[in-house]
Amino acid sequence: MDLHEQARQILRQNDRGGYTLPTHGLYPYQWNWDSAFAAWGFATFDLPRAWDEIDTLLASQWDDGMVPHIIFHDPDPGYFPGPDVWSAGGDPATSGISQPPVAATLVRLIYEMNPDASRDRLAAVYPKLVEWHRWWHEVRCVHGPAAIVHPWESGRDNCPDWDIGMANVDGSKVGDYTRRDTGHVDPSMRPKKSEYDRYLAMVQFGKSVGWDQKRIVSEGPFLMADPGITFILLRAHHDLAVLGHALDQDTDEIEGWETTLRAALPMIWNDDLQGYDAKDLRTGKFARFLGSGAFLAYLANAARPELDTQLMRVWNAVPYGIPSADPEAPIFDARRYWRGPTWPVVNSLLAIGFRDMGRADLEVRLRRETAELIMKNGFSEYFDPTDATPCGGANFTWTAAIWLTWAG
Ligand code: 2M8
């Protein structure tokens, strides 16, 4: 079967009626940014279904504007931590944190595929996207750059960026629990137990304050500035304003958020590293680590010549795609999740940035390398960038989606 047909089949098989699982087994619920990518993929062959996905995601928006990172539509014992552990409320229940706000950027791409057929659907989701962006601005950007209160909020769960913040989280009192992820895929490709203990400690803190987001930001055990979300949000503010114009809305407020966030970028530029860097907002210390979050600067038109040099160094060190962590750093781990592997989904975001800044050469190279991974080894969650080994879950929704929209 041709790869395009295989990709469409993966989306259909992971479709649970209005929402799409990232992959069967390992991730049995609706995840926030996965869902936005699923919608982009669906839009290539079923536009109404693409809009349904966005509707379902935004239907679980909290009263404060946050769009949660997981929506637990149909309880499944195969995933831990489930809705009972989070205890964050909602019907269906949700988790208590958010995830990278790629939705406005991908909604814009979906809308532009067929504006006439999409206008009413866009008008229905636009106010919810505005509320979510306001939430980011007011609740997570209080220190300037976008902050995360849990590594899961970044989407790049165990990347080395978070190590210094994680070191200050006490995971020793979380009690007994049984992980499920390591029963689905090779445990050496997943985060370690010491990390899971801390992930749970942060969930327990959120629960202890009734998921009051402002208290989590001011008192929680973990608060780090995330270059990845900062750049994704910056780009998404811009795309949301473009959508607002298309709907004849006043976009001054959104443009104000974009200007304020761009002005905060010097706070996450580390001269010693010659790159954007995550920062522990509790201690003021930089992570001192270059990863794919920094390179998302290209998505937000925030690259600098020094970053070009770093990008080429990091990219030229591996044959397949842009790695999630610096391959020349001792901590690089080619198959352990966000500590080294290349992620087709992140490559697709970087490619949007390269294309928009007129770097067709970089976009073409990244597309060729990403396509090669999928043609050789299928629609895996992520890949070893040194030898193309497929890693994590198989038949993955977002990998199928980016094949249909970009890589294929
Ligand atoms: C991974 O994260 C979840 C927790 O949210 C997990 O490991 O259980 C990350 O790769 C995240 O970015 C992604 O959205 C999620 C589902 O694909 O899996």
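Considering only alpha-carbon pairs that sit under 8 angstrom and 6 or more positions apart, the relative contact order computed for the range 139-199 is 36 percent. In the chain, if the dipole is taken from +1 on Lys/Arg beta carbons and -1 on Asp/Glu beta carbons about the Cα centre, which of ILE232, ALA407, LEU311 is farthest to the positive end? Ranked along the dipole, the leading option is LEU311. Taking the DSSP bridge list for the chain and keeping only pairs wholly inside it, about 100 percent are antiparallel.
Taking amide H positions as modeled 1.01 Å from N, with prolines and chain starts lacking one, the residues under 5 Å from THR94 and 5 or more places away or on another chain are PHE72, ALA88, GLY89.
The simple spin-label model puts a point 7 Å past each Cα toward its Cβ; for GLU255 and ARG368 those points are separated by 4.1 nm. Stretching GLN274 away from ASP248 to a fully extended chain increases their span by 5.2 nm, per 0.36 nm per residue minus the current alpha-carbon distance. Taking all C-alpha pairs of the chain, those more than 30 Å from each other amount to 35 percent.
Taking other Cβ atoms within 10 Å as a rough exposure proxy, TYR320, TYR298 sort from fewest to most as TYR320, TYR298.
Note on the chain: with a GNM built from Cα contacts shorter than 10 Å, the maximum mean-square fluctuation among GLY78, GLY392, GLY228 falls on GLY78. Database remark: amide H of ASN270 closer than 5 angstrom to the amide H of GLY275, TYR276, ASP277 (H placed geometrically; neighbours at sequence offset of 5 or more, or on other chains; Pro and chain starts carry no H).
Shape of the range 1-123 from its Cα gyration tensor (a ≥ b ≥ c, root eigenvalues): rounded if a/c is under 1.5, otherwise prolate when a/b > b/c, or oblate?
oblate
Take every pair of alpha-carbon atoms less than 8 Å apart whose residues are at least six positions apart; their mean separation over the length of the chain yields a relative contact order of 18 percent. Per residue, the chain reaches -14000 deg cm²/dmol at 222 nm when only DSSP H runs of four or more residues are counted, each adding -39500 (n - 2.57). Among ASN168, ASN158, ASN347, the largest mean-square fluctuation in a Gaussian network model of the chain, built with springs joining Cα atoms closer than 10 Å, belongs to ASN168. This ranking places SER188, SER118 by how few other beta-carbon atoms lie within 10 Å of each, fewest first, which gives SER188, SER118.
Compute the relative contact order of the range 5-115 as a whole-number percentage, counting only Cα pairs closer than 8 Å that sit 6 or more residues apart in sequence. Write down the numbers at each step before the final one.
Details: 163 pairs, mean separation 28.4, N = 111.
Relative contact order for the range 5-115 comes out at 26 percent.
Between the residues ALA50, GLY393, GLN213, the greatest Cα displacement towards the positive end of the dipole of the chain, with unit charges on the Cβ of Lys, Arg, Asp and Glu, is found for GLY393.
Mean-square fluctuations from a GNM of the chain, with a 10 angstrom spring cutoff on Cα atoms, peak among GLY183, GLY275, GLY353 at GLY183.
Look at where the Cα atoms of the range 294-321 and of the range 76-107 average out, and the two centres are 31 Å apart.
Using the Cα gyration tensor of the range 144-273, with a ≥ b ≥ c the square roots of its eigenvalues, what is the shape: rounded (a/c below 1.5), prolate (a/b larger than b/c) or oblate (neither)? Cα axes put the range 144-273 in the prolate bin.
For the range 146-195, just say rounded, prolate or oblate: build the C-alpha gyration tensor, square-root its eigenvalues into a ≥ b ≥ c, call rounded for a/c under 1.5, and beyond that prolate if a/b exceeds b/c, oblate if not. Working shown, then result.
Values: a/c = 2.02, a/b = 1.30, b/c = 1.56.
Note, shape of the range 146-195 comes out oblate.
Look at the dipole of the chain built from charges on Cβ: of HIS184, GLN30, GLY17, the Cα furthest out on the positive end belongs to HIS184. Note on LYS128, LYS173: ascending count of other Cβ atoms within 10 Å places them as LYS173, LYS128, the fewest first. So which of LYS173/LYS193; LYS207/LYS285; LYS192/LYS279; LYS214/LYS285 end up more than 25 Å apart, counting from Cα to Cα? Violating the 25 Å Cα-Cα cut-off are LYS207/LYS285.
Coordinate-derived values only; no laboratory data. Because the structure is predicted, anything quoted here is derived from the model rather than measured. Reconstructed Cβ throughout: ideal geometry from the backbone, glycine too, with neighbour counts over all protein chains shown.
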